[in-house]
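Below: one structure, written as structure tokens.
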Amino acid sequence: MTKFLLALHVLAAIVAIGPVTVAASMFPPAARRALDAPDDVRATGTVQLLHRICRVYAGVGIAVPVLGFATASAMGVMGDAWLIVSTGLTVLAAIVLVVLVLPRQEVLLEGGGTRETTVRLGMFTGVFNLLWATVTVLMIVRPGSTTGA
């Protein structure tokens, strides 16, 4: 059962978190193009699509920590430091996405943002991606793990 849960956890991370990180990274430059050409329907459509991907896959991404906790429980590693740090970083990444990234995307979609908004959004998106990259490394390296992996 542990291998099955681990496989589901990894697949959920790839399928859910991957699209959010890519779409969120593509959003600031797409928003700048839309700001530069407000009558360009294609540019506006791209920004709308990227935001929808971020929103939908952020919701789907809830499966990642749920399956992660199930896997960690089955593996008996709930108290391991690497898992506690990874959990904290995952919570922080979720906060960055929900409080800093998605609202700024919405402001830009509604026409209230500026190029400066896209720059800040790019910074927050970079922080979000860096947090997920750190969690990924911790999940692979697992400092202090006795499995030898």
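Tabulated data
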quantity	calculated
Cα convex hull volume per residue for the chain (Å³)	94
Cβ-Cβ FRET estimate between L130 and S73, R0 fixed at 25 Å, reported to 0.05	0.35
Within the chain: Cβ-based charge dipole about Cα centre, in debye rounded to nearest 20 (Lys, Arg +1; Asp, Glu -1)	180
Given charges at Cβ of Lys, Arg, Asp, Glu: the chain dipole, positive-most of G79, F27, I62	G79
Sequence-separation-based contact order of the chain, relative, with Cα cut under 8 Å and 6+ spacing, percent	30
Extension gain, I84 back to M123 (0.36 nm per residue minus Cα-Cα distance, nm)	11.5 nm
Ellipticity estimate at 222 nm from DSSP helix runs (n ≥ 4, -39,500 (n - 2.57)) divided over the chain, nearest 500	-25000 deg cm²/dmol
Around V119: net Lys/Arg minus Asp/Glu count, Cβ-Cβ under 13 Å	+3
Summed side-chain charge close to P29 - residues other than P29 whose Cβ falls under 12 Å, Lys, Arg +1, Asp, Glu -1	+2
Charge sum, other residues only, whose C-beta stays under 14 Å from S86's C-beta, Lys/Arg counted +1 and Asp/Glu -1	0
Sulfur and carbon atoms: percent of accessible area, the chain [1.4 Å]	70
Label-to-label distance, nm, for residues given as V15 and R115 (7 Å Cα→Cβ offset)	4.1
Helix 41-60 vs. the chain, principal-axis angle (Cα, 0 to 90°, nearest 10)	20
The chain - accessible surface per residue (Å², probe 1.4 Å)	56
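The values are calculated or read from the model by the stated rules, or taken from the named source; none is laboratory data. Bear in mind the structure is a predicted one, so any value in this text is a computation, not a measurement. Glycine also receives a Cβ, built like all others from the backbone with ideal geometry; neighbour counts cover every protein chain displayed. Surface areas here come from the heavy atoms of the whole protein model, side chains and all, with no ligands, DNA or RNA. Shrake-Rupley method; radii C 1.70, N 1.55, O 1.52, S 1.80 Å.
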